[in-house]
Structures are given as C-alpha cells and as structure tokens.
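Novice: After the structure tokens below, expect a handful of questions from me.
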Amino acid sequence: MRRETVLNAVLALGLLAVPLAAQAMGEPFIVTLATKVAILALAGVGLNIALGLGGMVSLGHAAFFGIGGYAMAVLAAPVQAYEPLMTWPFELAGTKSMPVIWVAAMVAGALGALAIGALSLRTSGVYFIMITLAFGQMLYYFAISWPAYGGEDGISIYVRNGFPGLNTLDPIQFFALSYGVLMAALMVSWVLARSGFGLALAGARQNPVRSAALGIRPYSVKLTAFVISGAITALAGALFADLNRFVSPSMLSWQTSGEIMVFVILGGVARLFGPVAGAALFILLEHWLGGFSEYWKLFLGLALLGIVLFARGGLIGTLAGREVAHD
Amino acid sequence: MSLMLLIEQALNGLQYGVMLFLMAAGLTLVFGVMGLINLAHGSLYMIGAFACAAVAAATGNFWLGLAASLAAAAAAGALMELTVIRRLYARDHLDQVLATFALILVFSEGTRWAFGSFPLYLDIPRALAGPVRLPGGIDYPLYRLVLIGVGLAVAAGLFWLIGRTRLGIRIRAGEADREMIGALGVDISRLYTIVFALGAALAGLAGALVGALQSVQVGMGEPVLILAFVVIVIGGIGSIKGALVGAILVGMTDTLGRFLLPIAFSTFMERSQATSVGAALASMLIYILMALVLVVRPGGLFGRA
Amino acid sequence: MNLKATLVAAAAASLGIGGAALADPVKVGMITTLSGGGASLGIDTRDGFMLAVNRAGNPDLSVVIEDDQQKPDIAVQIADKMIQSDKVDVLTGIVWSNLAMAVVPAATAQGKVYLSTNAAPSQLAGKGCHPSYFSVSYQNDNLHEAAGAYAARAGITRAFIMAPNYPAGQDSLAGFKRFYQGEVVAEVYTQLGQTDYAGEIAQIRASGADGVFIFLPGGMGISFVKQYADSGVGLKLIGPAFSFDQSIIQAMGDAALGVLNGANWSPDLDNEANAAFVQAFRAEYGRLPSVYAAYGYDTANLLLSAMDKASVSDADAFRAALREADFASVRGKFSFNASQHPVQDLFMREVVREGDILTNRIVGVAIEDRGHAYEDECKM
C-alpha cells in the first residue's frame, strides 16, 4: 500500500511539474499535451469506476465521452451563432460558461449511461462487452448521419469556453483547470471505493448471490456505479471538446472506447492512479513512436500485448506490487 | 415499389446475412468452446481478403486465391492461438479484450506495411460474373446467388460437423464441461487450436468472398466484427443455430430497413429530407433490434443464459 | 495596409533593401493523412507538394509534415503543435472537410495563412471566408457541378443520384442538381463507409433512370463500381473525380472503364506546366499523379510565387502576393475570386486503359471559368 501511495504522489506531482517546467522554458505545446493527459486520465477514472470497482467491462464508454463533447457543442454553438438554443416551450440561450456546461454534460452522460446500462446490465460477462460496444456504435452512426449538429463534419467552437476568474485560452491556465477537475474526480473515486456503496459494489462484483442474500440488489448497485462512471467520462468529453475547440463523431467511435480502456489497463485496473499512469504512458508512446515510424501503431500493439501477457496489474501493479485483486 | 423489387431486396438481405454468419460462426464457436472473446476476428477476415487478392493477382486465378485465403487465415489463426490466445484462456475477459485489441493494431499496421496503403484489386471470377434471370423476371447477380449457396452449405457442413463427427462431440463436450474432457484424455490444447483455426478459416473465407465484391483494404474487418457481435448477441452466444438465425435477421433488417424506411418517410416528408432522416434511422435499426431481443430474452434467441 | 506602411514599403523597395526583407524564411506546416484507410490521398498531396518544393530548390522554404490519421482531434493537436512549437507561417495539406473545419478557423484566427490542397467546405467559401484562407484546389461543390452540367450532354435525362448520408454527401447532391437540366428520378443516401450496395443497385434497376450519379469516395466507390458492373444494369455512370481518381481506379479494374467523372485537372491536360509535372512525378515516384498530387504541386508553386514577391512577415503584402496567383498552374487557367477560391475550367473525364494501367482522359469542358455558389455570402 505504501509504495503505491508514494507512486501516486509522484504521478500527481509529475503531471503538475512537467507543464510548469515546459511553460517556464517556453514550450506551450508540452503544456497542451499534459492537458490532454489530464483529460484522458479523467475519462479513464470514469471508466475505472465501472471496470475496476464494478467489474463491468464496458467497451462502449466512447458513447459517454462523445455525449459530453456534444453537450458542450450544443450549448456553446448557439452563443457563437447569436441564436437561441431553443425558443419553445421556453426561450433558452446557449452558454459559454464551463461550470454550466460541465453540469449539463454530466447530466447528459448520466442519462445515457442509465439507458444503456439498464439494458446492458440485464446480461453480464462477454454479452456485456459486445452490447456496450454495439450501443456505442449505434450512437456513432446516429451522430454521423443526423443532419443537425454537423454530422461527420462535427462542430467547431472557435473560442474556448470561459471559467470565472480564469483565462482559459492561456494553455497553462486551462491545464490547471483540467488538472483540478482530475484531482477532484480522483478524490470522488477514492471516497466512493471506501464508502458503504463501494463495499456493496465490490460485493456485487465478487459474489452477486451472496450480496443478494444480504438484501443488496446487485443490479441497482451496478447500475448506479455505471451511471456515475458515465457522468465522469462525459465530463472528460466536455473538457476534451474544449481542449480541441471541436467535436465530431470520431469521439464516439469504438476505437475511442478501446483507447480509454487501454489507459485504464496500462496503468492498472482498480488502481486509483491507474488511468493517470496509463494515459501519460499512452501519450508518451504515441509521440515517441509516432516520431520515428509511420507504422507506430504496430509497435504500440506489440507493447500492449507484452504488457497484458507479462506485466499483469499494469504499470502501477508492476511498480508497486500487486495486492488489489481484480477478478 | 413492386413486389419483384421487394423480393430482390430480400435476396440481398439473405446474401448479406449468410456472409455475416460465416464471421459470427467462428466467433461463437471460439466463445462457446474456449470462453474467449476475440476482437481480432475481423483481422482474420482482412487476412483472408488480402491473401486472396495477392494470390489471384500473382496467378490470375481466383480459385487459387480462395484456397490461399482459407490457408492463410487458418494459419494466422493457429499461429495466433499458439503464441497469444493460449495464454488468455485462464484470464478474465478484460485481458482478452485488451490483448486482442492489441492484435488488431499489429495485424492492421503489419498488413499496411506489407501491402501499402492503396486498396488492392480483386474481382469476382469470370465464370460467375454477370446477372442471371430468375423465375419472375428478376435479373440477379450470379455471384451473389453463389454466395448464398456457399453460406448455406457451410452452415449445413458446420451442423454436420458439430452434430455427427468425433470432433463435433469433443467440441460439444468442451462447451459443456471443460475440465472433464481433459480428464477423459482428449488433447485439449490441440482441440482448441483446431477450433480456433476453423473459426479463422471461416472468417478468411468470408473476407475473400466478400472482398471480391467490395474493396480489399486495411480496416475492412472491424465494421463486420461489430455486426457479428450484434448477430451473436441476438442469436445467443455459443449457438451455431443462433448465429445463423441472428445473421439472417440482421441482414434482412438492415437491407430492408435501408430500402423501406426512406420510402415510408417520404409519404409525409419532403423527399430530400425523408431520404436523409430515413437513412439515419436505418443505420440504427439493427441495434434497436438487438435492444428489443435483450428486453425479451437477455440470453439471446437460442442462448442458454 | 495603411498609407504609412505602404510608403515605408515603397521606400524600402526603392532603396534596394527590399531584397533582404524578401528573403525572410518561410516555414510550412503540412497536416495530411499518411496512415489508415485514407492514406493514399495524403501521400499524393505530400508527394506533389514536395516535388514542386524540391524542383524550386528555394533555401528559404522549409516544410514540416505530420500525419493526422484522418482524425479531427489529432489534426487540431498537430496544428497547435506546429503553431506553438514549430512556429510555422503557413499551414496546408488537409484532405478532409471535417478536419479542415476543425483546424482552419482557429489557424487563420491566429494569423496563420492556410492554403487548402483539397478540402474546401462551403462554410469557408461563404460566411466563414477569411483573408488568410486560400483554396488552391476548388470549392467542394465544383466537381459535382461539373458532373451535373455535363450529364445531360452525356445523354442522361433521368438521373438516379446517390451519396453517403453526411454533410459532404448532401452538398454533393445539391451541387449536382444546381446545373443539371434533366429530371432526378430518385435520390438515395447510403450509410457512410457502407460496402455492400446490392440494395441500392436493385433500386437503380427498378427506378427507370437512364443514368446514375454517384459520390462515393475511397473504398465505398470501389465496392459500388465492382458490384454495379457485375449487376448488368449497365446505365451510364457519372460522378466527381474523387470516386474515380488515379489512386482508386486500379482497384476497380475494368469495371471502371468508361465512367465519366468531373474534374478540374487531368494527366492529359494540354499545357506546358502539366506536361512537365506529370513527367517529373512519374520519374520521381514511379506512378501517375492523381488530382491530389496536382493540387499539392500547384499549392507549393503558388506559395513559391508569393515568396518571390513579398515577405511573410508583412502579412498584408504576402496575402496580396498570394491573391495574384502568379504561377504556372498545371490546370492552365487559374485565378482567385474575391473569396480567394479558384476561378477555373471544369472538365469531364473518362476512365480509359493505357497499356497496363487505368487512367483518365478529358472528353470535354463541363463549365468554363467557374467560381462557386457561395461567393455572395462572403463579405470580405
């Protein structure tokens, strides 16, 4: 436990120190990369609640990531175009305020997760994997072919949304904001794992029959966890859309689901800081390998394969020893 | 809209369905016997198509290419099983998903490395080119009729293999109780390799047959893989019969939905808009079908859950 | 430019120190698709662009190239990196409209010049036009318009028209109808990325049409053309060059022979610059160039022509130099209109076999001196 705590502190401080140093040296792009790591790690933190704590192998989390992104664009686009978001049944202007957008993204993500989860959790195991993948793909095709909101072209939001008291267009300030949100989500995740609800969830994962005998309904406990997971991933989607000032259906594609899952597993399933370590390593590999070969994904695949086969428990498991069992 | 057009569309749906069956059968077998989820099944489909295109281009003979696709996919499958998949049987589904996701990256980029980024040329054999006239005056492409025949023949062969042969008995025993057949002296690791290679060969066959109609390019396998998952979820995991029924249901729903929905919408909407909205809904139709099946029968139509 | 700046520039030029200012180095960031299913288009764009750069041998021009993987979010990140870290002056190379919409508005807002080698969505031609945005290729609707204008002359009076259900597909059908003088008997949207067209082909057969217009780029077009040829329907096919370009028709084989496609360039286009380009491209890369290679080549030559006239540090003068379009285009006639999109001839090409390879040759002019449909919306 102690070694993992030290490792977590190193990761948290490292993710903070690198962009600050880059800023001092006049390398704003590294700040942007660190922001990407923080936001993708946040998506991983969301998935980790379903995957690590709840044992729900969702291969459709891109759905919530994309819902969050589109929530941002749907709210911000009308402001950009000087048109109200809707005029009936009541007039509603859009917004460029991040806190409002975040709440909307989380609510939308939670509702999406409620619908998909309620259907998918009727099954388990390999069915669950395939069904979440299929529902994710359904939203992807819907986003591509539905003519409102840009279809495959997506929507550009030319100016990043605002946060009270900050200049979000400054890379380092936007990084600080994303980092703060990531830390808050990690806190939520930590509290959740140790709460009565977390214990009930662990019970539902390890032994649903016994949980049911104790009066806990595994279905509703798991569904609640899935909804929280979807909401956090949607929040990450909203931030990711703000990072790129752009959303498109590619956020909803199954490759995105696969990549979010890769962050979690690279870092270590059910480890608090697993997604942070995983996202950082993934972005590092992407930039390092991408630098010397057009076919860098081949090497990424081989590296992933090696990690699954020989370094179980991911990066944190390898470095800190394995004691948190996932099953 | 005439009755003839509707029949022709139903034939198209059937043809689409039996090709999906070739993909889904391998997946469902591997899951039923080994309890393994294989995302890289789409890569085997792609390997079959590339092998067929490469050999057909070199020899000028489609049938040699088809044989090569079976051999290449089966060999790639066996190799994959021996080096990677074998280590995953005892792992949870999560590790299986990640490892086979990594295999997709390796196969896709490896193929691109070997064959380049441009799509390959592969055409249907001359003997099967062109349309034939069916009773009722429908001109229907001969090659597609052959595909329907091949798909149904493979389905019959699989039912025979599983139901009537020694290998089939072992496969069924393996599905029922994995430890027991090992204890009974069946060489279980060889059985697994054979089943995996069989599933791979079916995917490769589908890739080559469909590749001749479509375009042979990197990434062609993944959309089909996801549809095969939908098929399996609808049919019930591990059931060959479920895979067949599910595949034809999905093929029919998709083809007829794409055809009929825009027509239905144009009865009360302006044409341009109706075709666009109808097409958008049609692309979601099979997933809606899947959701409905889940509500009624969570284990799929022929599943045991 | 205000009067004072003009006077200073004029004075500098007359004193002969302008030459030093003109030698300001220009750094170009090329974002294009070099991996994945759409890689062949980006590779041709890059190769065409670099061919012109290498032939010119101008030591003041440097180029950084990165792969966007055909993903908008990656393209945005590369653009950020090129602007923030590499400090490029000019961006170029994006193949796909959705990626262009993600990158271009932000890049031009930060004062960078963007030269489009391909994608030119209507938003950027009309309301969203910008003094720093130049399309060297066309406006997205142009090649569809060429097909529409020529279709009636090719004997297509009852057209069946079809495209994928996404914004570029919807624009395509609108572009075709803009100049088409026959009747549209059916309008069908397919799913993006669809590979089986049996259902659509059955509808074509039943529609009573006498010709088919398709916009199905990449693998979709290959699938459709092979299946269509096999179905025996045999009606005349017409489309934009995207579906029948050099990089694609080899994979279609003889099924593509005789297909008409609208374009603004062709390897057999008869002018000196084009002959030199096609010959140099074949010598360098061992294959025939595609339209994407031609646009890349023209873009680099446009940039080089502007570098001879103005310094990139003087944004107004540099953009004015670009607007003059004083270079020998492989398309022959080439000039910019007020929205900084080309005014050029649109041709009709036909797929033919030359020896072992399939290629295109011009069969006629579809529209002369065509600009684009969104010119009035551009307030610049």
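Novice: In square angstrom, rounded to the nearest 10, how much accessible surface does A:K96 have for a 1.4 Å probe?
Specialist: Here the residue's solvent-accessible area equals roughly 60 Å².
Novice: For C:L143, B:L128, write out the residues from largest to smallest accessible area, computed with a 1.4 angstrom probe and no ligands counted. Walk me through the numbers on the way to the answer.
Specialist: Working: C:L143 0, B:L128 25 Å².
The ranking, largest first, comes out as B:L128, C:L143.
Novice: At 1.4 Å probe size, what's the solvent-accessible area of B:L202? Round to the nearest 10 Å².
Specialist: In the full protein context, B:L202 sits at about 20 Å².
Novice: Continuing with the same structure: Using a Gaussian network model of chain A with C-alpha springs under 10 Å, which one of A:L20, A:L239, A:L223 is most mobile by mean-square fluctuation?
Specialist: A:L20
Novice: A further question follows. For C:R287 paired with B:D177, estimate the spin-label separation in nm (one decimal), with each label point 7 Å from Cα along the Cα-to-Cβ line.
Specialist: 5.9 nm
Novice: Among the lysines, which have Cα under 29 Å from the Cα of C:K71 when same-chain residues fewer than 8 positions away are ignored?
Specialist: By straight Cα distance, C:K71 reaches A:K36, A:K96, A:K297, C:K27, C:K81, C:K87, C:K112, C:K127, C:K226.
Novice: Return one number: the angle in degrees, 0 to 90 and rounded to the nearest 10, between the long axis of the Cα atoms of helix C:97-109 and the longest principal axis of the Cα atoms of chain C.
Specialist: Around 20 degrees separate the two axes.
Novice: When the solvent-accessible surface of protein heavy atoms is calculated with a 1.4 angstrom probe, in what order do C:D89, C:D68 fall, highest first?
Specialist: Values: C:D89 45, C:D68 0 Å².
Largest accessible area first, the residues go C:D89, C:D68.
Novice: Still on this structure: Distance between the C-alpha centers of region A:232-296 and region A:107-173? Whole Å please.
Specialist: A separation of 14 Å, based on Cα centres.
Novice: What is the interface area between chains B and A, defined as buried accessible area summed over both chains with a 1.4 Å probe, reported in Å² to the nearest 100? Intermediate results must be reported in sequence, preceding the final value.
Specialist: Details: alone 14610 and 15810 Å², together 26010 Å².
Counting both chains, the buried surface is close to 4400 Å².
Novice: Using only C-alpha atoms and all pairs of different ones, pull out the Kirkwood radius for region B:10-218 in Å with one decimal.
Specialist: Numbers: mean 1/r = 0.0556 Å⁻¹.
Across region B:10-218, the inverse of the average 1/r is 18.0 Å.
Novice: Can you give me the relative contact order of chain B as a percent, contacts being Cα pairs under 8 Å and 6 or more apart? Please report the intermediate quantities before stating the final value.
Specialist: Working: 466 pairs, mean separation 104.2, N = 305.
Once divided by the residue count of chain B, the mean separation gives 34 percent.
Novice: Per DSSP helix of 4 or more residues, -39500 (n - 2.57); summed, then divided by the residues of the protein assembly as shown. What does that give at 222 nm, rounded to the nearest 500? Please report the intermediate quantities before stating the final value.
Specialist: Working: 39 runs with 617 residues, N = 1012.
Per the formula, -20000 deg cm²/dmol.
Novice: How high is the relative contact order of region A:31-258, in percent, counting Cα pairs under 8 Å that sit 6 or more residues apart? Mind showing how you got there, number by number?
Specialist: Details: 383 pairs, mean separation 101.9, N = 228.
That works out to 45 percent.
Novice: Using alpha carbons only, how many degrees (0 to 90, rounded to 10) separate the axis of helix C:72-84 from the longest principal axis of chain C?
Specialist: The helix C:72-84 is inclined about 10 degrees to chain C.
Novice: Indicate the helices, whole DSSP H runs only, in chain A that combine a mean Kyte-Doolittle hydropathy of 0.0 or more with a Cα extent along their long axis of 24 angstrom or more. Intermediate results must be reported in sequence, preceding the final value.
Specialist: Working: long enough: A:2-24 (33 Å, 1.04); A:28-48 (30 Å, 1.70); A:62-80 (26 Å, 1.44); A:98-120 (31 Å, 1.95); A:125-145 (31 Å, 1.50); A:171-194 (35 Å, 1.46); A:218-244 (39 Å, 1.16); A:274-292 (27 Å, 1.27).
Those that clear 24 Å and a mean of 0.0 are A:2-24, A:28-48, A:62-80, A:98-120, A:125-145, A:171-194, A:218-244, A:274-292.
Novice: Which chymotrypsin sites (Phe, Trp or Tyr not before Pro) in region A:60-149 pass both tests, a DSSP loop state and at most 11 other beta-carbon atoms within 10 Å? Write down the numbers at each step before the final one.
Specialist: Working: sites: A:F64, A:F65, A:Y70, A:Y82, A:F90, A:W102, A:Y127, A:F128, A:F135, A:Y140, A:Y141, A:F142, A:Y149; in loops: A:Y82, A:F90.
Of the chymotrypsin sites (Phe, Trp or Tyr not before Pro), the ones in loops of region A:60-149 whose Cβ has at most 11 other Cβ atoms within 10 Å are A:Y82, A:F90.
Novice: Choose one of C:S313, A:F64, A:P218: the residue whose Cα lies farthest towards the positive end of the charge dipole of the protein assembly as shown (beta-carbon charges +1 Lys, Arg; -1 Asp, Glu; about the Cα centre).
Specialist: With unit charges placed on the Cβ atoms, the residue in question is A:P218.
Novice: Return the carbon/sulfur percentage of the accessible area of the protein assembly as shown, one whole number, probe 1.4 Å, all protein chains in place.
Specialist: Values: 22390 of 35580 Å².
Ligands and nucleic acids excluded, carbon and sulfur reach 63 percent.
Novice: Would you please give the FRET efficiency between A:V107 and B:L82, computed as 1/(1 + (r/R0)^6) with r the Cβ-Cβ distance and R0 = 60 Å, to the nearest 0.05? All intermediate terms of the calculation are to be shown ahead of the outcome.
Specialist: Values: r = 49 Å, r/R0 = 0.82.
Computed FRET efficiency for A:V107 and B:L82: 0.75.
Novice: So in the protein assembly as shown, what percent of DSSP beta bridges are antiparallel if you round to the nearest 5?
Specialist: 40 percent
Novice: Taking 0.36 nm per intervening residue step and subtracting the Cα-Cα distance, what contour gain separates A:E27 from A:N167 on full extension? Intermediate values should be presented prior to the final figure.
Specialist: Values: separation 140, 0.36 × 140 = 50.40 nm, distance 1.84 nm.
My answer for the length gained is 48.6 nm.
Novice: Measure nothing but the geometry: give the 0 to 90° angle between the long axis through the Cα atoms of B:93-115 and the longest principal axis through the Cα atoms of chain B, rounded to 10°.
Specialist: 70 degrees
Novice: Just reorder C:K81, C:K309 by solvent-accessible area, largest first, 1.4 Å probe, all chains present.
Specialist: Most to least solvent-accessible, the answer reads C:K309, C:K81.
Novice: If I take every Cα pair under 8 Å that is 6 or more residues apart in region A:1-150, average their sequence separation and divide by the length, what percent do I get for the relative contact order?
Specialist: Values: 108 pairs, mean separation 34.0, N = 150.
Relative contact order, region A:1-150: 23 percent.
Novice: Using a 1.4 Å probe on the protein heavy atoms only, what accessible surface does A:L285 show? Give it in Å² to the nearest 10.
Specialist: Looks like 30 Å² after rounding.
The values are calculated or read from the model by the stated rules, or taken from the named source; none is laboratory data. Predicted, not measured: the structure shown is a model, and the values here were computed from it. Every residue, glycine among them, receives a Cβ derived from its backbone with ideal geometry; neighbour counts consider all protein chains shown. All accessible areas refer to the heavy atoms of the entire protein, side chains included, with ligands and DNA or RNA removed. Shrake-Rupley method; radii C 1.70, N 1.55, O 1.52, S 1.80 Å.
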